[in-house]
Amino acid sequence: MRLLFQPLRRSFASPQRKLTILGLQQGERHSELKLDPAAGAVTRSRTPKRGLFDPHRITSIMNYARSTLLPNGYPNSVRPGYVPFLLHVVGTSCSNCTMNFMNTQALFMALGGYQSCSSNLRFRQNPGVAMGASAALTWVLKDGIGLFVGVSSARKIGEWLSIDIKKWRLIAFWSLGLAYTMDLVTLQFPALFLILAGASNSIKSMSYIAAAGSNAYINQHFALKNNLADIAGKCSAQNTLGTALGYFIGICLTTFINVTSIKMLFPVIVVGTTFNVATTYYAMSKIDISYLNEQRLKIVVENYLSTGRVLTPTELIKHEHFFLRGHRVSVGKLSLADALDGLDAKSLANLLSTYETRPFLCVSREEKQSWLGKLVKRKNEKRVHLYFRKDATIDDVMHGYLCAAAMMKAGTLDGKLLSEGSRREFLEKVAASGWKSDYIYVPYEKHQYELDYR
């Protein structure tokens, strides 16, 4: 109970008679105490108890949900695009929990079939105990395979997330759908339970690692006022809410879906995976990341060469795509020795003299098509390979991409772009557009070189 108002002292015509009114608040109920010293009476009045659908009660529930699921100070404490991401987190948690709830029951049924196919019973005197022990061991082995693969792939997944977090988050949720489908296949082939379930758990472990890593990065992106802990905590609450809803939906579905029927379970997986991918795509398309990766840098330099201006992070969202299109400027895809292979002495000398004082090197090659390209009779195309010296900086990387894109577009490199004035102008426009240049998610450290003139 707390005081809602300061004590009010009201004087009436008679100076001997004074009335004091105290306003008190307890929960949602408001009370008033009226003290009349002259009459020697204390009266108490209460507001009537509010009904279930009372507007004040509904407002109180909405405020509670807002404080539980949204960061403190919302919307001024987070960057734009937080609500689509919130809906994505709750929706995907609900969908994944529903699919996992249904698939776990299917796996139990398939495990029973696997044990029936197995004739290796160690305890002949008590086959029930042997069956249970063997089933538990198989289940632990299935989980162990997934955990081992997940830990082994964590380093590589971290590199992928650093390069393009949006694309790999989308791939993670698509891969979960593939893993759930493999769980259903165990119903048809129970003898292959350990192989199929182990492969499924491996994919799930890698997908969970990718989703958790991308969650950490996105939460940090949204933290506008040093409130990363608050946003991460609210993200956990959103996941918990989605999980609870998923269990409820799963229980409802099991009342009229046969968990041993692939035909009845497969539509649930298709709908859930489609929902996950669609919500992920929508949420990621609303997040404007201010760090440049390989895709965003290529879009920036291509637009700069065409229009003379640098796109801001918000403007670049509509040009961004989650699966890298056919860019013909590559970094780290081919070693420098292989790229220079086939050049005569004169061409090599001209190339090295052009970039003698530059921290990067652009090599244009005609790439042969793979067996698939030859199958569809695709013509060979030119590709520019970009290499950087060991002492190259982030500014040198951005300038190198600009020169490589211009070389790919025009066929030859304009000497003006190599000048210090063009370099400075481009970098100033990049900084003025809101891009952060303290780090860049481009694998420029791969296949670096040094020139040693003797």
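Among what's in region 142-177 and is in contact (Cβ under 8 Å) with a residue 60 or more places away in the chain and among the aliphatic types (A, V, I, L, M), pick the residue that is surrounded by the most Cβ atoms within 10 Å (Cβ to Cβ).
Here the residue is 176.
All but one of (1) more than 22 Å from residue 154 (Cα to Cα); (2) in contact with a helix residue (DSSP H, G or I) (Cβ under 6 Å, 6 or more places away or on another chain) hold for residue 219; state the number of the condition that does not hold.
(1)
Would you check if residue 276 is under 25 Å from residue 108 (Cβ atoms), in contact with a Leu (Cβ under 9 Å, 6 or more places away or on another chain), outside the structural domain of residue 404 (by TED's automatic domain parsing) and without any contact (Cβ under 8 Å) to a residue 60 or more places away in the chain?
no
Before we move on, is residue 180 assigned by TED's automatic domain parsing to the domain that holds residue 269 and either farther than 30 Å from residue 320 by Cβ or crowded, with 22+ Cβ neighbours inside 10 Å (or both)?
So residue 180 passes the test.
Within region 182-192, identify whether any single residue is under 21 Å from residue 93 (Cα atoms) and hydroxyl-bearing (Ser, Thr, Tyr), and answer yes or no.
no
I need the full set of residues from region 246-267 which are of a type outside the set (A, V, I, L, M) and either under 26 Å from the mean Cα position of the chain (by Cα) or not assigned by TED's automatic domain parsing to the domain that holds residue 90 (or both), in order please.
Once the filter is applied, which keeps residues that are of a type outside the set (A, V, I, L, M) and either under 26 Å from the mean Cα position of the chain (by Cα) or not assigned by TED's automatic domain parsing to the domain that holds residue 90 (or both), region 246-267 yields 246, 247, 248, 250, 266, 267.
Got a sec? Which of 189, 193, 173 is among the hydrophobic types (A, V, I, L, M, F, W, C) and either out of contact with any helix residue (DSSP H, G or I) (no Cβ under 8 Å at 6 or more places or on another chain) or modelled with pLDDT of 90 or more (or both)?
The unique qualifying residue is 173.
Provide a single number: the residues in region 241-257 that are without any contact (Cβ under 8 Å) to a residue 40 or more places away in the chain and of a type outside the set (A, V, I, L, M, F, W, C).
Residues flagged as without any contact (Cβ under 8 Å) to a residue 40 or more places away in the chain and of a type outside the set (A, V, I, L, M, F, W, C) within region 241-257 amount to 1.
Can you spot a residue in region 324-339 that is at pLDDT below 85, more than 15 Å from residue 384 (Cα to Cα) and part of a loop (DSSP other than H, G, I, E, B)?
yes
So residue 397 clears everything in (1) in contact with a strand residue (DSSP E or B) (Cβ under 8 Å, 6 or more places away or on another chain); (2) at pLDDT below 75; (3) part of a helix (DSSP H, G or I) except one condition, right? Which one?
Answer for residue 397: the failing condition is (2).
Considering (1) surrounded by fewer than 19 Cβ atoms within 10 Å (Cβ to Cβ); (2) under 23 Å from residue 275 (Cβ atoms); (3) touching an Asp or Glu at 6+ places or on another chain (Cβ under 9 Å), say which one residue 256 fails and leave the rest.
Among (1) surrounded by fewer than 19 Cβ atoms within 10 Å (Cβ to Cβ); (2) under 23 Å from residue 275 (Cβ atoms); (3) touching an Asp or Glu at 6+ places or on another chain (Cβ under 9 Å), the lone unmet condition for residue 256 is (3).
From the residues in region 274-323 that are modelled with pLDDT of 90 or more, closer than 30 Å to residue 98 by Cα and of a type in the set (S, T, N, Q), which one is surrounded by the fewest Cβ atoms within 10 Å (Cβ to Cβ)?
Taking the candidates together, the pick is 274.
Could you tell me which numbered condition residue 402 fails, if it satisfies all but one of (1) under 15 Å from residue 362 (Cα atoms); (2) surrounded by fewer than 15 Cβ atoms within 10 Å (Cβ to Cβ); (3) in contact with a Phe, Trp or Tyr (Cβ under 7 Å, 6 or more places away or on another chain)?
Condition (2) is where residue 402 drops out.
Can you confirm whether residue 163 is farther than 19 Å from residue 87 by Cα and touching a strand residue (DSSP E or B) at 6+ places or on another chain (Cβ under 7 Å)?
yes
Starting from residues that are charged (D, E, K, R) and assigned to a helix (DSSP H, G or I), keep the ones in region 192-250 and report whichever is surrounded by the fewest Cβ atoms within 10 Å (Cβ to Cβ).
Filtering region 192-250 for residues that are charged (D, E, K, R) and assigned to a helix (DSSP H, G or I), the one surrounded by the fewest Cβ atoms within 10 Å (Cβ to Cβ) comes out as 230.
The values are calculated or read from the model by the stated rules, or taken from the named source; none is laboratory data. Computed from a prediction, not measured in an experiment: that's the story for all the values here. Here Cβ is always computed from backbone atoms with ideal geometry, including for glycine, and neighbour counts include all displayed protein chains.
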